[in-house]
1. Quick test of your reading of the structure: D99 fulfils all but one of (1) in the same structural domain as S43 (by TED's automatic domain parsing); (2) within 13 Å of the ligand (Cβ to nearest atom); (3) in a helix (DSSP H, G or I); (4) not small (G, A, S). Name the failing condition by number.
2. Testing G193 on (1) among the small types (G, A, S); (2) buried (at least 18 other Cβ atoms within 10 Å of the Cβ); (3) over 18 Å from the mean Cα position of the chain (by Cα), one condition comes back false. Which one is that?
3. Would you point out which residue out of I36, I73, I135, I122 is more than 30 Å from Q181 (Cβ to Cβ), buried (at least 16 other Cβ atoms within 10 Å of the Cβ) and not basic (K, R)?
4. List pairs: first residue in the stretch 77-88 and surrounded by 24 or more Cβ atoms within 10 Å (Cβ to Cβ), second residue of a type in the set (S, T, N, Q) and not in a helix (DSSP H, G or I) anywhere in the structure, Cβ distance under 6 angstrom, at least six positions apart or on different chains.
5. Can you tell me how many residues within the stretch 151-162 are part of a loop (DSSP other than H, G, I, E, B) and in contact with a Ser or Thr (Cβ under 8 Å, 6 or more places away or on another chain)?
6. Which of the residues belonging to the stretch 117-150 are outside any strand (DSSP E or B) and more than 14 Å from the ligand (Cβ to nearest atom)?
7. Inspect all residues belonging to the stretch 25-36 and state whether any of them is assigned to a loop (DSSP other than H, G, I, E, B), within 16 Å of the ligand (Cβ to nearest atom) and within 20 Å of E187 (Cβ to Cβ).
8. Name the residue, out of I71, I14, I87, that is touching a strand residue (DSSP E or B) at 6+ places or on another chain (Cβ under 7 Å), assigned by TED's automatic domain parsing to the domain that holds K129, more than 21 Å from Q166 (Cβ to Cβ) and of a type in the set (V, I, T).
Amino acid sequence: MLRKVKVPSRVNIIGEHTDYVGGLAMPFACSPYLEITVDTNPSEYSGDATVIDLWKCAGGWPTKIHVESEIPIGKGMSSSAALCLGIVLAVNESIEPMDACIEAQRIEHEILGTNCGLLDQIAIMFARKNCFSLINFTNLEISQFDIPHDWKFKLVDSGVHRALSQTSYNTQKNTNEHAKQENARVELAIDAGSVELGKLLNETHQSLIDLGVSNSIVNKSVEELQKTDGVLGARMMGGGFGGMILVLVSREDVLPSEPLVISSGPPVLEEII
Ligand code: GLA
């Protein structure tokens, strides 16, 4: 029998670099997806070497593992968390959602070497279509809110790719003051109108510059986007050092070459006999 797990990626609206210091964040799951297929019958290990290491670390049996991913790698859309969660869910299909998040974080720390927080995993596992999650990382409380119709997001590639484990993400220090201000922005964002949300996104980008996790190439693109007609706000998204720029647009035809981000529900597991 084959077991397939389809895992979405995630957008984090606001609340960046807050998860590992007990702060707040406001993500939602979205397309594109990653799909992992495993044979439930034991055989020899076969597949990509890193995927097999993750699979073994999660307690998986010797088998064939196949991963197909549309999620761009190293671009702040949680490709690593999607992979680790997919593996954890394929190993143990009845695991509790929060346990799956913690287990996926553990294998990411151990095998991929990124000391990530729980933002990406929770965003994906607790996703609800057309909703964003408000996550409080002090007590792991999660609430869901409808995404307002006038919050229209697009993603623009900064052109800078990176593996977070190769950046200073793991040694990020003195983030408490940043987190305090970012938490205040998250609280304002929850029921902000789109114009106000745009301003908060711009402020967050400035705070990421101050935190030392951005760079001049990304900043130049962000600045240009912020000045573009119909753009309400723009900021680098995810761990930083490159990756995707999240853009809040006032209309679908702003930045016409980029599609609107489409929200998704949680991972879906399927068994094929
Ligand atoms: C990466 C990490 C998350 C989080 C963000 C920054 O996506 O995997 O845990 O720290 O960076 O908000």
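The values are calculated or read from the model by the stated rules, or taken from the named source; none is laboratory data. Being a predicted model, the structure only gives us computed values, none of them experimental. Every residue, glycine among them, receives a Cβ derived from its backbone with ideal geometry; neighbour counts consider all protein chains shown.
1. Going through (1) in the same structural domain as S43 (by TED's automatic domain parsing); (2) within 13 Å of the ligand (Cβ to nearest atom); (3) in a helix (DSSP H, G or I); (4) not small (G, A, S) one by one, D99 breaks only (2).
2. (2)
3. I36
4. From the stretch 77-88, the pairs are M77/S9; S78/S9; A82/S9.
5. Qualifying residue count, the stretch 151-162: 3.
6. F126, A127, R128, K129, N130, T138, N139, I147, P148, H149, D150
7. Yes, the conditions are met somewhere in the stretch 25-36.
8. I87
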